[in-house]
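Scroll down for the structure; my scribbles are underneath it.
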Amino acid sequence: MYSALNTEPPVEPPPTTAWGVERGEMQDRIDTKRNVRSSRPRKPTKVKMQDVYSFNLEVSREEASIIHQVKERVKEQGRVWWAMEAKNGAGWYLQPEIFAQAEGYFVSSLSLVTMTSTLQLKKLIRSGIPPLLRPRVWSAVSGANKRRSSAPESYYSDLLAAVEGRETPATRQIDHDLGRTFPTHPWIDSADGRAALRRILVAYSFRDSRVGYCQGMNFVAAMLLLVMKKEEDAFWMLAVLVENVLFDDCYSENLYGCHVEQRVFKDLLRKKLPRLAVRLEEIEFDVSLVTTEWFLCLFAKSLPSETTMRVWDVLFNEGASILFIVALAIFKMREEELFAAKHVGEVMKILHDATHGAYDPDELLKVAFEKVGVMSLQSIVKQRKKEQPAVIAELERRGQLNPSDSVQSSSR
Amino acid sequence: MATTGANHMQAKLVLLGDMGAGKSSLALRFVKGQFFDYQESTIGAAFLTQTLAVNETTVKFEIWDTAGQERYHSLAPMYYRGAAAAIIVYDITNSDSFGRAKKWVQELQRQGNPNLVMALAGNKADLSSKRKIEAEEGQSYAEENGLFFMETSAKTSQNVNELFYEIARKLPKAQPAQASGMSLTDGSTSRLGPAKSTCCA
């Protein structure tokens, strides 16, 4: 399945510089100052492999072994789902009344049987949806099926036909980003992959001209294509994601919603990890420096693919509060290390390693659900409302709020 | 452990400019000596570090490479706040990107940090056949606004190291030790780790 690299990756020659000190020499000087006498530790051997969604990885042997364990667990989880199917009937999870989104809202009207199924489904989804079942389960629990059923069957092909050959600022930006979206993924980087990605992003930019195209959506749409396989299904997932699942305005002009999210997150960090929050403020580390990307790409650019998909499993079933819970869990997992950090650069390095190396989804989600604890979607909606005036004031002060923006009317 | 002579300095540097002007490519060329035709789009910002030596001082740049799409503009203050230096990048084959660069210059001037070292980089100098902005135009705009100017190519590495070196050279003169965005420490308290450059793209 994978092979050890026999050769070291090519080492760039140090640039010859007019100012004489080459980078290698610089390093030696620093080492000397730190009194490092022993020979430098050899770089650990790297292993090349592909993950569940065919992303090419170059990882340590330990990480490779985790990825293999995760692949095995995915298969095991598949058997659990098939067993449930045998017990509850095929497609038992497709009945709208059992989705977790329904919980809270209609609890009193749910029968005991339905309630049991809801809880079963929620638990199963939190343990992971097998990749083969993801398209069906996501379409159902996210509300994409419902949304799609209210549009004419030919909606997507009509939309594509209508926008064919049209050029807008959004299409130009999309064209610019196509080759810059997971450029090392074998399918996304293929002619077919880029064409499909272009179609869903362009179609969406016309469907919702207020959002148009926001950088970040390219990575999200690419992941949706990899999971859903069928382009039209991926398009509807993108639509339901932006329009229903995520909070309002997260991709719109000025990223107004994203600013609100950042404030809500900082507030949660102060509540859940107060000691760390104070410490990070002391060293002038603004957590938004790192969390902005997490929220805009829904972790697709920072967590390994299967870990990202496990977060999205919960996202589609339970809503956008999971983004906050997972973000907090990342800080929680590295709390001590982060607390000891003395500088912004160190914090960035710790968080970079914590996310990019999170090959074990269960480890992260265990912290998320057991240590951070669940917070309801409603409580976050409430907190968002509280933070909105401050964001509006801030953007107005900077002259970056377009008067036509109807941000005040946001409901979520 | 005491060290003689050399000082270590940390300087926060922010890269600003239009989408696709080559901000990430410049940063990557400088930090890792690499170039990719398709550089993954930056969302929010990427963080990289690189250390240079200028005379008796080593300067560790902490580079914030920001996203270029217009709507990300509202996030920018978080990255340029307290910066010691800024590189404003445009693409010489794209006149819109030059207009956008001017807006960045104005915004930074409004922030009123007189010690900020600002550089204007006309990138993609290797694509001279597609050139829309003459070097003289960039040069004269830079002179009028008190920036220094270079045409660069992240692809061929033309002027990339020179650009950062010039910034490093201007820093100590431009900025007193106490100013935000930059701190002087002596070798004994330096926390330079074993890795000389990191990349958190």
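The values are calculated or read from the model by the stated rules, or taken from the named source; none is laboratory data. Note that the structure is a prediction, hence the values are computed from the model and not measured. With ideal geometry, Cβ positions are generated from the backbone for all residues, glycine too; neighbour counts draw on all protein chains shown. Calculation scope for accessible area: heavy atoms of the full protein, side chains included, ligands and nucleic acids excluded. Shrake-Rupley method; radii C 1.70, N 1.55, O 1.52, S 1.80 Å.
Assorted remarks:
- Rounded to the nearest 100, the interface formed by chains B and A buries 4600 square angstrom of accessible surface, both chains summed, with a 1.4 Å probe.
- 3J(HN,Hα) along the range B:54-61, derived from phi through the Karplus expression 6.51 cos²θ - 1.76 cosθ + 1.60 where θ = phi - 60°, amounts to 10, 6, 8, 10, 9, 10, 9, 7 Hz, with x in place of Gly and Pro.
- Charge tally in the Cβ shell below 10 Å around B:M150, where Lys, Arg are +1 and Asp, Glu are -1, B:M150 excluded: -3
- Rounded, prolate or oblate (a/c below 1.5 giving rounded, otherwise prolate when a/b exceeds b/c) for the range A:127-245 by Cα gyration tensor: oblate
- Placed amide H near B:G44: partners under 5 Å, 5+ positions off or other chain: B:A67
- Calculated FRET value between A:T116 and A:E370, using beta carbons and R₀ = 30 Å, to 0.05: 0.85
- Annotation: extensible slack from A:K385 through A:D175 equals 72.0 nm (criterion: 0.36 nm per residue apart, minus Cα-Cα distance).
- Taking a point 7 Å from the Cα of A:R275 along the Cα-to-Cβ direction, the residues of the range A:328-348 with backbone N closer than 15 Å to it are A:332-341.
- The Cβ shell under 12 Å around A:F299 holds other residues with a net charge of 0, Lys and Arg each +1, Asp and Glu each -1.
- Each of A:A340 and A:E85 was given a label point 7 Å from its Cα along the Cα-to-Cβ line. The distance between the two points is 4.8 nm.
- Pairwise FRET efficiency - A:E284 versus A:R210, Cβ, R0 = 45 Å, nearest 0.05: 0.80
- Here the spin labels are modelled as points 7 Å beyond Cα on the Cα-Cβ line, and at A:E363 and B:E70 they lie 4.4 nm apart.
- Qualifying lysines (Cα of each under 21 Å from Cα of A:K75; at least 8 residues distant if same chain): A:K87, A:K122, A:K123, A:K229, A:K366
- Near A:C214, no amide H atom lies under 5 Å from its own; only residues 5 or more places off or on other chains count, and H is placed 1.01 Å from N.
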